[in-house]
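Engineer: For reference, the structure I am asking about is given below.
Laboratory data are not the source of any read-out in this text; all were calculated from the coordinates shown. Note that the structure is predicted; figures quoted are calculated from it, not measured. In this analysis, Cβ positions are derived from the backbone assuming ideal geometry, glycine residues included, and neighbour counts consider all displayed protein chains.
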Amino acid sequence: MGGPPRKLRDNAYACGVSPNGGEIAFIANEGRYGDREFWLMGADGERAHELYDAGQNAGFWNCRLSPGGQRVSYHKIQGAQGSAKVVIETRDLKGGSPTRVFAVPPKNLLWDFLWLPGRMIYSLAEPDINFYTCNYWEQPVDSRTGESRGRPRRLTDWAGFCMDNMSATADAQRLMFKRFWTQRSVYVADLDRLHITTPRRLTQSEENERPVGWTADSSAVFFLSNRTGPTGIFKQALHQGTAESVVSDLENLVSPPLARTEDGFSISAARNNMALQNRIS
């Protein structure tokens, strides 16, 4: 478990790993509105190829692979500040035109989204002056075609904080996320087709901590923390109050996605504009 990370690519932000661990999705070429290009490469950085270009007047802010790994969804911003259009779109990884899932209301702010079987769950700030309150919403989505299937529905009625860095268990029964404004901590909640339960704080450190992903059996979580000094990746079981170090000394690490693979896990991340990879057996 652990070991030194390997640099795969410069100037890249990794945002997804295919379910079989064979491909890494990333965005690159930062422009006025975010990264302009969407790319795929092999697990060792080989066969890197560009799939989509957002153009001069648009950019990608985040992306997620579909549950089956055949499509990609992304948070796209297009147009000048103050009048920009913010949408979630999907595309087939083999090519083709984009499919719009939903547009973000003009007075709201989308913090994060997650593509689960049959739906997307997203964290949306309420339209107040400071965006200090977020709630979870869901949008039914066809995982095969990437098309919306019905109207969005609000799942929570929370106040005083926002959420991002979302990750779900393999069976989509639990949701992990970072809760922030006063302090960045890792929280876990139960998830069903109708509700998200009151979240429970998992990490008890006073340092800033960000979720990464779940173990294959959903019994433990991975998260980023600077609790021992330099930023590292830690693992903590749901029934325990302490965590163990997995990877240490990763300064300026951006929250990475984690994929369950047949022989363990593949973590891809961004550090100092470099794409990194670390395997956890």
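Engineer: Quick one: net charge around residue 30, please, counting Lys, Arg +1 and Asp, Glu -1 for every other residue with C-beta under 12 Å from its C-beta.
Structural biologist: Values: positive: 32, 36; negative: 35, 37.
Every neighbour counted, the sum reads 0.
Engineer: Per residue of region 36-44, in order, report the coupling 6.51 cos²θ - 1.76 cosθ + 1.60 (Karplus, θ = phi - 60°) as ³J(HN,Hα) in whole Hz, putting x for Gly and Pro.
Structural biologist: 8, 10, 10, 10, 10, 8, x, 4, 9
Engineer: Quick one: which residues, 5 or more positions from residue 15 or on another chain, have an amide H under 5 Å from its amide H? H modelled 1.01 Å from N in the peptide plane, none for Pro or chain starts.
Structural biologist: Under 5 Å from the amide H of residue 15 lie the amide H atoms of 25, 26, 27, each far enough along the sequence or on another chain.
Engineer: Near residue 150, within a Cβ-to-Cβ distance under 11 Å, what is the net charge of the other residues, with Lys and Arg +1 and Asp and Glu -1? All intermediate terms of the calculation are to be shown ahead of the outcome.
Structural biologist: Numbers: positive: 119, 149, 151, 153; negative: 138, 142, 147.
Spelling it out: positives minus negatives among the neighbours equals +1.
Engineer: Roughly how far apart, in whole Å, are the Cα centres of region 156-192 and region 199-243?
Structural biologist: Between the Cα centre of region 156-192 and that of region 199-243, the gap is 13 Å.
Engineer: Could you name the lysines in cross-link range of residue 85, using Cα to Cα under 30 Å and dropping any fewer than eight places away on the same chain?
Structural biologist: Within the straight-line limit of under 30 Å, residue 85 reaches these lysines: 76, 94, 107, 178.
Engineer: Another one. Please list, in chain and number order, the residues 5+ apart from residue 212 or on another chain whose amide H is under 5 Å from its amide H, with Hs placed from the backbone.
Structural biologist: Residues meeting the amide H criterion: 222, 223, 224.
Engineer: Right, something else. Which of 60, 234 comes first, and how do the rest follow, when ranked by fewest Cβ neighbours within 10 Å?
Structural biologist: Working: 60 27, 234 23.
Taking fewest neighbouring Cβ atoms as first place, the list is 234, 60.
Engineer: Based on other C-beta atoms within 10 Å, arrange 126, 244 from fewest to most. Kindly include the intermediate steps, with their values, before the conclusion.
Structural biologist: Working: 126 16, 244 12.
Ranking 126, 244 by Cβ neighbours within 10 Å, fewest first, gives 244, 126.
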